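A short write-up of the structure that comes next.
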Amino acid sequence: MQPLPRYRIYTTPRTYAAILLQAAGRRRLQGTACRDLEAAIEKLGVSHAICTATARLAIFLAVRAFITPGQKVVLSPYTISDVINMVICAGGRPVFADIERETCNIDPAEIERLVDAETGAVMVTHLHGLACPMDRIVSICRERNVPLIEDAAQAFGVRYDNRPVGTFGKAGIYSFGMYKNVNAFFGGMLVTSEGDVGARVREEVRQFPYHEAGAYLRKALHGLTTDLATYPPLFRSLTYRLFRYGFLHDVGMLNRRVTIDIDPRIKRALPESYRRRMTPLQARIILRQLPWVDEHIRARIRAATVYHEGLRDLSDVILPPLRSDFSHTYTYFSIQVPDREAFLRHLMRERRDVAAQHLKNCADLPCFEEFHRDCPRARATARSVALLPTYPRYDLSEVEQNIRVIRRYFGKS
């Protein structure tokens, strides 16, 4: 029996119907949906929520608002290269702080060690839907009088001590990109309770042109193609067979289709194409999904609980912490294994569809050589993370089958 796919994007036929009916005409730009979405997000406990075209743009705007050019920004190296680029484009100098292996998140002890008189901001990333230890990090930043920025792109709906992540620092960033748990294909959000910053950013974003219809339609078409390819009957009969063959036989053309950040390069100025606004069409798509966020998180926590119970005795595997209080929402169940390539080949031969995490240790990338720092835990993590599926439509019987195959790989019954 072929498996269910490693991911399904968070869309419905209604999503594509709305795009088809609105994207080519003026209706995509009409209505109050952007302000309605901002008002909904402000209820999380912030004074200002500002819709942006992408989360990357929101990171740029947040960093630029709180540093002066040339100041340092302490952040995790285990992320996509464009997060680092947004710091550089905003005038910051990235200072890479090593991570914790178990959580894949920035190590607070490293923040405390690296913040100095030249530090303009600390930026933390709540990776894989796991909240950083915000009490300690907030305390460090307050003691050092350094602004805290939260990259919550993978953590919409996550809470720490029952408070939404993104609301602890001077600014927070959410993402509504295609593979996020709330998906508008493009889209981001900057939140802040700093009134002057919120007003300035809102006015600047208002001057940007809307996302072009053609670019948005191309992204939505890519989403539709992905949805069709991962539709279980088609995936099991065709898509999986193709990608399984490609993986086991090293067919680059196929493998590149499921790899991100293939050719990272440094950016020193914000590309003009990034200066765009979210359209009301995107905001309407997001608003429809908000009521389902908590239900989807509960489904992922259930899957994570089964994984944790089934794998916790494997001494060679590093598991994420098990939490049921919404401080970890398990966008994936990320495990770390020695010899990830051999591990994934075993799973693929056993007809399991599991992904490598393609985030890199940006501290080692040649394009960021001038900012290099030795981050051995980030380096080891980048070589070893595999992502086990947890999305709400992923049946628990598939979780159990993944566990059985993984246990066989490590010689356990």
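The values are calculated or read from the model by the stated rules, or taken from the named source; none is laboratory data. None of these values were measured; they are calculated from a predicted model. All Cβ positions, glycine included, derive from the backbone under ideal geometry; neighbour counts span all protein chains shown.
Observations on the model:
- Members of region 183-205 found to be closer than 19 Å to Lys219 by Cα and surrounded by fewer than 22 Cβ atoms within 10 Å (Cβ to Cβ), listed by number: Asn183
- Checked against (1) touching a helix residue (DSSP H, G or I) at 6+ places or on another chain (Cβ under 7 Å); (2) closer than 20 Å to Tyr174 by Cβ; (3) outside any strand (DSSP E or B), Val122 passes all but condition (3).
- All helices (runs of 4 or more DSSP H) inside region 1-102 with 1 or more residues being at pLDDT 95 or above, in the same structural domain as Val197 (by TED's automatic domain parsing) and closer than 25 Å to Ser334 by Cα: 55-66, 81-89
- From the options Gly252, Gly310, residue that is out of contact with any strand residue (DSSP E or B) (no Cβ under 9 Å at 6 or more places or on another chain), free of Cβ contacts under 8 Å to residues at least 60 places away in the same chain and not assigned by TED's automatic domain parsing to the domain that holds Ala62: Gly252
- The sole residue among Thr68, Thr125, Thr52, Thr119 that is over 18 Å from Leu190 (Cα atoms) and surrounded by 20 or more Cβ atoms within 10 Å (Cβ to Cβ) is Thr119.
- Residues that are among the polar types (S, T, N, Q) and within 28 Å of Ser273 (Cβ to Cβ) were ranked within region 145-182; the one that is surrounded by the most Cβ atoms within 10 Å (Cβ to Cβ) is Ser175.
- Picking from residues in region 350-370 that are farther than 18 Å from Arg244 by Cβ and among the aliphatic types (A, V, I, L, M), the one that is surrounded by the fewest Cβ atoms within 10 Å (Cβ to Cβ) is Leu365.
- Boolean, Phe333 is in contact with a strand residue (DSSP E or B) (Cβ under 8 Å, 6 or more places away or on another chain), in the same structural domain as Arg244 (by TED's automatic domain parsing), buried (at least 19 other Cβ atoms within 10 Å of the Cβ) and under 15 Å from Ile80 (Cβ atoms): no
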